[in-house]
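One structure is given below, encoded as structure tokens.
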């Protein structure tokens, strides 16, 4: 439910007799994310926004899709929509933003366990510093991916390790942090089931049995910076695609693990490409995840990269690495 106060005024307001126009900000936060840390930081965050002369409206999420629905219903009335939570909260906000004709500027204050999207954008982990970045940073127009009728900010994937995020109990995430993901992943290692797939991408077609697939717009997935050594941009309109073929024996498994550890993703059991579009057909229904959340089971999926559609605040140091052009000053 929207908490009313100054932010009840949906239109733009002048600050008394000052000629300067004050900016409006809708702040959506998940009170349960990441050890419930937002509870002790909320006053600091609001203070940062108020000192920067924003008129702020607060909304706490209570259930799935609250953030998405709030953005759809109220987002276009604000200059900024800022969210705090895990990657799942950011995913909901992005899905809501894509339903708006005129998009407000987006901000992200990470409060989850891993926060891959925030890591790629170099958003500070200290929440007050992330709030300050919202008021001082530049606008980066980031790519978003679509997966059938849904959108994702940084990864769509299938396979044992991609299922870890939404199958790991929240209490484990809060207590153990990233360790919980690795523990849960190891539990699934012996249960990997290959899926026979035909993958059509920009430059061709590949057909094989695969145990894991990642379609990403990020240098970090599940805390693992797979593409850190490469010049990966998040606004070039291209997905980075990594699929691992069925592993028949321990030697093949070791080869893949070595490639992942060294980040030289050239093992014979790996398929890599960059592509704007993917059409994937599988012999059986495959369980997918979108930004670490349950994406449903599908035997046919279409993935498109929507170039530079999400205006989000990030720092100058991130722009140098992830952008093919300079960021914009907020209007």
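Examine segment 271-287 for a residue that is closer than 17 Å to residue 204 by Cα and outside any strand (DSSP E or B), and state whether such a residue exists.
Yes; the residues of segment 271-287 include at least one that is closer than 17 Å to residue 204 by Cα and outside any strand (DSSP E or B).
Looking at (1) part of a strand (DSSP E or B); (2) at pLDDT 90 or above, which is the one condition that is false for residue 244?
Tallying (1) part of a strand (DSSP E or B); (2) at pLDDT 90 or above, residue 244 fails exactly one: (2).
Kindly provide the set of residues from segment 282-300 that are surrounded by 14 or more Cβ atoms within 10 Å (Cβ to Cβ) and touching a residue at least 40 places away in the same chain (Cβ under 8 Å), ordered by number.
To start, the set of residues in segment 282-300 that are surrounded by 14 or more Cβ atoms within 10 Å (Cβ to Cβ) comprises 282, 286-296, 298.
Once the filter is applied, which keeps residues that are surrounded by 14 or more Cβ atoms within 10 Å (Cβ to Cβ) and touching a residue at least 40 places away in the same chain (Cβ under 8 Å), segment 282-300 yields 282, 286, 287, 288, 289, 290, 291, 292, 293, 294, 295, 298.
Which residues, counting only those in segment 73-104, are assigned to a helix (DSSP H, G or I), touching a helix residue (DSSP H, G or I) at 6+ places or on another chain (Cβ under 8 Å) and within 21 Å of residue 49 (Cβ to Cβ)?
Passing the criteria: 75, 89, 90, 92, 93, 96, 97.
For segment 54-67, which positions are in a loop (DSSP other than H, G, I, E, B) and in contact with a helix residue (DSSP H, G or I) (Cβ under 6 Å, 6 or more places away or on another chain)?
61
Can you tell me which of (1) crowded, with 24+ Cβ neighbours inside 10 Å; (2) at pLDDT below 90 is the one residue 131 doesn't meet?
Here residue 131 meets the rest and fails (2).
Which of (1) surrounded by fewer than 22 Cβ atoms within 10 Å (Cβ to Cβ); (2) within 19 Å of the chain's Cα centre (by Cα); (3) in a helix (DSSP H, G or I) is the odd one out, the single condition residue 70 does not satisfy?
So the condition that residue 70 fails would be (1).
I'd like to check something: does segment 53-62 contain any residue that is under 22 Å from residue 139 (Cα atoms), under 18 Å from the mean Cα position of the chain (by Cα) and at pLDDT 95 or above?
Among the residues of segment 53-62, not one is under 22 Å from residue 139 (Cα atoms), under 18 Å from the mean Cα position of the chain (by Cα) and at pLDDT 95 or above, which makes the answer no.
Conditions (1) touching a strand residue (DSSP E or B) at 6+ places or on another chain (Cβ under 7 Å); (2) at positive phi, marked per residue:
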{"site": "58", "(1), (2)": "yes, no"}
{"site": "65", "(1), (2)": "no, yes"}
{"site": "69", "(1), (2)": "no, no"}
{"site": "79", "(1), (2)": "yes, no"}
{"site": "84", "(1), (2)": "yes, no"}
{"site": "95", "(1), (2)": "yes, no"}
{"site": "98", "(1), (2)": "yes, no"}
{"site": "105", "(1), (2)": "yes, no"}
{"site": "109", "(1), (2)": "yes, no"}
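The values are calculated or read from the model by the stated rules, or taken from the named source; none is laboratory data. Predicted model, so just to flag it, every value in this text is computed and none were measured. Please note: Cβ atoms are built from the backbone with ideal geometry, for glycine as well, and neighbour counts cover all protein chains shown.
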